[in-house]
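Encoded as structure tokens, the structure appears first; notes follow it.
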Amino acid sequence: MPASRRRFSLGARLFVSAVICCALVLILAGFGLTTFYRRSAERGFDERLSVYIKELVADLAAPPEAERQAIGDLGEPRFDLPLSGWYWQIIRLDGERPNVRTSRSLVGGQLPKLLDQPLRPNARGLRESYISGPDDRELRILEREIDVGEDGRFTVGVAAPADEIDGDIRDFRFALTLTFLLLGLALVASTLIQVRFGLRPLVRLGSAVGKVRTGESARIGGEYPPDLAPLAGELNQLIDANREILERARTQVGNLAHALKTPLSVMQNEAEAAQGPLSQTVRHQTAIMRDQVQYYLDRARAAALSGALGGVTEIAPSLDALIRTFQKIAHGRAVRGGHDVAPDARFRGERQDLEEMLGNLLDNAFKWARSQVRVSLDAGRDLPEGRLALLIDDDGPGLPDEAMADVIKRGRRLDETTPGSGLGLSIVVDLAKLYGGGLTLEHSPLGGLRARLILPAV
């Protein structure tokens with residue numbers, strides 16, 4: 001499956017989803033706090049500007065004409081510095097010609113009137129906006145319209161550089177970003193710890209199930225949280241039910257074997273006691289029936305055992321016993337047998353199935369070998385994970401390429417003069433397939449035949 005379509009583990013899903021949620025929350029919170037701070041900074045800045053507007057309005061409302069000549073003395077030097085960005089402006093609206101008074105910092109220039117723009121005054125009667133100043137600097141401006149009775153109507157405006165607000169916002173955004181970054185890292189670390197800690201019982205449960213599967217443990221043990229304890233209990237009940245089914249299958253297979261073999265033995269004994277073509281035919285057919293019954297009983301037993309949990313068999317001890325046995329009964333010939341299978345090599349299955357497969361292959365190898373039979377583990381080929389390959393080599397006459405595929409077919413025999421039913425290799429093939437493995441025949445480096453048996457490993 002391509003990497004892009006691989007499924008994430010439960011821990012990865014929880015971690016990634018938590019990180020994404022934390023990131024979204026922090027980003028949205030950052031935008032919200034920045035917007036709130038901008039408005040707060042603008043309100044604070046506007047408060048400063050509104051103080052100057054109040055002073056200018058107070059100067060305009062002073063009754064003596066002489067006091068109005070001192071308008072603009074606000075105690076802020078930046079209103080006197082040319083193009084400092086701090087400006088004020090007063091415009092009379094009801095005169096024949098507009099009477100404009102400005103701060104010295106405007107150096108004869110003039111600010112746009114917000115009165116001419118579609119802006120509504122706020123609750124305090126102030127219009128507020130951003131404009132471009134005489135030197136193209138962005139300015140924050142506040143403007144108020146007042147009526148001083150017989151002395152006329154005026155608009156009073158005060159402007160100051162908006163970069164002061166932007167500077168405060170930049171500082172706030174930097175501090176907020178740094179804070180949220182550290183907070184995000186802390187949340188990621190805490191999420192990782194929570195996921196690992198929270199999923200630890202699931203990891204322990206998976207490990208316990210794996211030990212049952214590999215035969216290291218008979219049941220799932222240990223204490224689990226209340227939400228996982230029922231699952232562990234159900235799995236233990238499933239394991240017990242599997243064992244009960246296995247035992248029942250073994251018993252039924254044994255009973256069937258006994259029920260069939262006994263009548264066949266009686267028939268064969270009666271046929272041997274009699275003479276004639278009929279008795280010879282009965283003997284021949286009962287022998288075939290016995291072999292066929294044994295073959296299918298072995299298949300049924302293997303099918304039941306292949307689904308069993310916890311079956312693990314060490315390979316080396318079984319090989320030692322089988323090789324010693326076949327050396328003693330090597331049809332009167334001095335055939336040496338041996339193996340170099342490591343002691344820790346283990347087959348994930350029942351011992352009797354392993355010995356059934358190896359017994360048939362070794363029987364065939366010792367039957368045809370001239371002087372030696374060798375069993376080894378295949379370390380030179382790439383095998384799927386959880387599989388091993390046993391190589392059974394002999395130095396016999398071997399087989400031609402076209403015969404290797406036929407020899408493992410059920411009932412196919414290449415030499416009718418040798419004893420046996422011809423079902424041995426077919427039984428091996430069926431048992432190996434039941435365990436997810438297989439059998440192939442090749443030319444052996446010893447000069448004879450090589451059987452390559454692939455089985456599940458632990």
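The values are calculated or read from the model by the stated rules, or taken from the named source; none is laboratory data. Owing to the predicted nature of the structure, the values given are computational and were not obtained by experimental measurement. Note: ideal-geometry Cβ built from the backbone for every residue, glycine included; neighbour counts use all protein chains shown. To get the accessible areas, we keep the full protein, side chains included, count just its heavy atoms, and leave off ligands, DNA and RNA. Shrake-Rupley method; radii C 1.70, N 1.55, O 1.52, S 1.80 Å.
Computed from the C-alpha gyration tensor, the three semi-axes of the ellipsoid equivalent to the range 257-297 are 20, 11, 4 Å, from longest to shortest. Given a Förster distance of 25 angstrom, what is the FRET efficiency for E402 paired with R336, based on the Cβ-Cβ distance and rounded to 0.05? Calculated transfer efficiency: 0.25. A cut-off of 5 Å between modelled amide H atoms, ignoring neighbours fewer than 5 places along the same chain, links A457 with R348, R387, L388.
Peptides 105-115, 266-276, 353-363 ordered by packing proxy, namely the average of other Cβ atoms within 10 Å per residue, highest first: 353-363, 105-115, 266-276. For the peptides 141-147, 394-400, the ranking by mean Cβ contacts within 10 Å, running from highest to lowest, is 141-147, 394-400.
Once both labels are positioned 7 Å from their Cα atoms along Cα-to-Cβ, the gap between L202 and T35 label points is 3.6 nm. Once you have a ≥ b ≥ c as the square roots of the Cα gyration tensor eigenvalues for the range 186-259, tell me rounded if a/c is under 1.5, and otherwise prolate or oblate according to whether a/b is larger than b/c. Prolate, because a/c is 1.5 or more and a/b exceeds b/c.
Under 23 Å between alpha carbons: how many lysine pairs meet that in the chain, if sequence neighbours fewer than 8 apart on the same chain are excluded?
Values: K54/K113; K328/K367; K367/K409; K409/K433.
Taking the chain as the scope, the lysine pair count is 4.
Can you pull the percent of the chain's accessible area that's carbon plus sulfur, 1.4 Å probe, other chains left in place?
Details: 14640 of 26350 Å².
Ligands and nucleic acids excluded, carbon and sulfur reach 56 percent.
Membrane-span-like helices in the chain, defined here as complete DSSP H runs extending at least 30 Å along the helix axis by their C-alpha atoms with mean Kyte-Doolittle hydropathy no lower than 0.5, are 10-61, 163-214; this is a sequence and geometry rule, not a statement about a membrane.
Work out, in µm²/s and without decimals, the Stokes-Einstein translational diffusion coefficient of the chain at 37 °C, 0.692 mPa s, Rh from Kirkwood over C-alpha pairs. For the chosen part, D equals 102 µm²/s.
Taking 7 Å steps out from each Cα toward its Cβ at R387 and A273 produces label points 5.3 nm apart. Relative to the current alpha-carbon distance between R101 and T440, full extension at 0.36 nm per residue lengthens the span by 111.4 nm.
Kirkwood Rh, the range 226-300, all Cα pairs: how many Å? Don't skip to the end; give the middle numbers.
Values: mean 1/r = 0.0651 Å⁻¹.
Kirkwood radius, the range 226-300: 15.4 Å.
In Å², what does the accessible area per residue of the chain work out to with a 1.4 Å probe?
Accessible area per residue: 58 Å².
Each of L24 and Q117 was given a label point 7 Å from its Cα along the Cα-to-Cβ line. The distance between the two points is 3.8 nm.
Over all pairs of different C-alpha atoms in the range 75-210, the reciprocal of the mean inverse distance, the Kirkwood hydrodynamic radius, equals 19.5 Å. Close amide H contacts of V373 (hydrogens built in the peptide plane, cut-off under 5 Å, sequence separation of 5 or more or a different chain): R336, G337, G338.
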